[in-house]
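*Asks:* Just passing along the structure, written as structure tokens.
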Amino acid sequence: MFDAVIVDAVRTPLGRRKGSLAWTHPVDLLGGLLRKLVERNHLDAAAVDDVIVGCVDQVGEQGANVARNAWLSAGLPESVPGVSLDRQCGSSLQALHFAAQGIMSGAYDIAVAAGVESMTRVPMFSTIAIQGTPMTQGLTERYQMHRWNREFFDQALGAELIARQWGLSREDLDRFGLRSHQFASAAQQQGFFKQEIIPVSVRTSPDSEDWRLFSEDEGIRVNTTLAKMSALPPAFSDLELITAGNASQITDGASATLVMRKEMAQQLGLKPRARFVSFAVVGEDPVLMLTGPIPATRKVLDRAGLRVSDIDLFEVNEAFASVVLAWQKEIGAAWDKVNINGGAIALGHPLGATGTRITATLLNALERRGGRYGLIAICEGGGMANATIIERI
């Protein structure tokens, strides 16, 4: 088995819904990032064996294999194939798993794992709005969805149920939301994201010929307070605890990771930055839905032969504050190792792009701190989760 290593991990700045990236087609957004990834590593793009891209709402502008379209839109070689996949919020982390596993097996020498989601241009649930609910009568009966008066499994309901089951108060959730903004703001001000962010040239308005450079995440609320968080109403009429302040933001963005066989990196004169240690993917209760990071973390640690105390930094996707808070109660990770640069509550959660975005943030944080092991865990729609452990080289 070959060693799979990360040579580079990049992302666009993340844009608020209807914000700076609203007039950028997702194919061009990802395509531009892929081109920059190739250029900054002085890589012969034709040497890439596959481009694997996570994207949740694969319809409209993100349909017809966004991976292939993005690669071609960037003017990159036609000889390189691409494939798009959907494992909900963990889509690009799954893309990273497949890329690394392909290299470890000997099927690839070089692969790109990436993700994209323009939640402004292709709204969430676009893929089911056309055909109606994916819930069948059998699923409805099995999971007694009539109790919740919902047409399909709802993540906000899951987040609320988690908060109740783990005894989390509204204040607990709001304090975590505030933490995310404070940590992300501090990281931004100290320039911690600069190494991973590739600025994007964007139009100043839909029909404008004027362009500007978009270079910083725009969802971070620098001056928010607990009082402001507490004043927010529940985001859904039948819930009490979940608000816009303790849930991830609807966001546009793209991210990409360059993965290759260790010997290939050395042959090309590229420096491996981290190696893959272990992977895990799990299924959980699809109504509670968002508890998957707990068993996924245990499984990935067990496969690596590591303990919680061996991990230097954790990145647990902040789909909702209750997800990370419940995970920490069960796993027992030290808070000073968890989401140290904020997370999706402050930075945003461009669904398909989040996994490789987190990878970029974690890799740079490990390098700054001189840490060895980093662990990523992401909850996913339908009651699933992916987890990954990387080791800084």
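*Asks:* I'd like the trypsin sites (Lys or Arg not before Pro) in the range 259-353 restricted to DSSP loop residues with at most 16 other Cβ atoms within 10 Å, sorted by number.
*Replies:* Here the trypsin sites (Lys or Arg not before Pro) that fit, given the DSSP loop and packing criteria, are Arg307.
*Asks:* Multiply the residue separation of Gln137 and Ser230 by 0.36 nm, subtract the distance between their alpha-carbon atoms, and state the gained length in nm to one decimal.
*Replies:* Stretched fully, the Gln137-Ser230 segment lengthens by 29.6 nm.
*Asks:* Related question: Got a sec? Which residues in the range 325-346 would a label at Arg369 touch, if it sits 7 Å along Cα→Cβ and we count backbone N under 13 Å?
*Replies:* 333-342
*Asks:* How much length, in nm to one decimal, is gained on full extension between Ala186 and Asn223, taken as 0.36 nm per residue of separation minus their Cα-Cα distance?
*Replies:* 12.2 nm
*Asks:* Is the chain best put as rounded, prolate or oblate by its Cα gyration tensor, with a ≥ b ≥ c the root eigenvalues, rounded for a/c under 1.5, and otherwise prolate when a/b is larger than b/c, oblate when not?
*Replies:* Verdict is rounded for the chain.
*Asks:* A follow-up question, please. Output wanted: per-residue J couplings in Hz (rounded whole) for the range 370-385, from phi through Karplus 6.51 cos²θ - 1.76 cosθ + 1.60, θ = phi - 60°, x for Gly and Pro.
*Replies:* Result, ordered by residue: x, x, 9, 10, x, 10, 10, 9, 9, 6, 9, x, x, x, 9, 6 Hz.
*Asks:* In debye, nearest 20, what is the charge dipole magnitude of the chain about its Cα centre with +1 on Lys and Arg Cβ and -1 on Asp and Glu Cβ, if you could check?
*Replies:* 780
*Asks:* 5 Å is the cut-off here: which amide hydrogens, built 1.01 Å from N in the peptide plane, fall below it relative to Leu85, excluding neighbours closer than 5 in sequence?
*Replies:* Val53, Gly54, Cys55
*Asks:* Looking at the calculated P(r) for the range 221-308, what percent of the C-alpha pair distances fall above 14 Å?
*Replies:* 80
*Asks:* Evaluate the charge dipole of the range 155-202 about its Cα centre and quote only its size in Debye, nearest 20, assuming +1 on the Cβ of each Lys and Arg and -1 on the Cβ of each Asp and Glu.
*Replies:* 60
*Asks:* What does the net charge come to around Met104 if you take all other residues with beta carbon closer than 15 Å to its beta carbon, with K and R at +1 and D and E at -1?
*Replies:* Its environment carries a net charge of -2.
*Asks:* Between Glu171 and Met1, what is the FRET efficiency for a Förster distance of 51 Å, r being their Cβ-Cβ separation, to the nearest 0.05?
*Replies:* Between Glu171 and Met1 the formula returns 0.60.
*Asks:* Cβ under 11 Å from Ile376's Cβ, Ile376 left aside: what net charge do those residues give with Lys, Arg +1 and Asp, Glu -1?
*Replies:* Charge balance in the 11 Å sphere: 0.
*Asks:* Still on this structure: Is the range 1-146 rounded, prolate or oblate when judged by the Cα gyration tensor, a ≥ b ≥ c being the square roots of its eigenvalues, rounded requiring a/c under 1.5 and prolate requiring a/b larger than b/c?
*Replies:* Here the range 1-146 falls in the oblate category.
*Asks:* Continuing with the same structure: Taking K and R as +1 and D and E as -1, what net charge do the other residues with C-beta under 14 Å from the C-beta of Leu85 add up to?
*Replies:* -3
*Asks:* Calculate the FRET efficiency for Arg307 and His25 from the Cβ-Cβ distance with a Förster distance of 45 Å, rounded to the nearest 0.05.
*Replies:* With R0 = 45 Å, the Cβ-Cβ based efficiency is 0.50.
*Asks:* Moving to a separate point now. Report the full-extension gain for the segment Lys262 to Ile393: residue separation times 0.36 nm, less the Cα-Cα distance, to one decimal in nm.
*Replies:* 46.1 nm
*Asks:* By average Cβ neighbour count within 10 Å, what is the ranking of 372-383, 244-255 from highest down?
*Replies:* Highest-to-lowest ranking by the protection proxy: 244-255, 372-383.
*Asks:* Return the whole-Å distance between the Cα centroid of the range 65-120 and the Cα centroid of the range 301-346.
*Replies:* 26
*Asks:* Can you give the Rg to Rh ratio of the range 67-173, both from alpha-carbon atoms, with Rh computed by the Kirkwood formula?
*Replies:* Result for the range 67-173 is an Rg/Rh of 1.09.
Taken together, the values in this text are just the output of simple stated rules run on the coordinates, not laboratory data. Note that the structure is a prediction, hence the values are computed from the model and not measured. Here the Cβ is made from the backbone with ideal geometry for all residues, glycine too, and neighbour counts use every protein chain on show.
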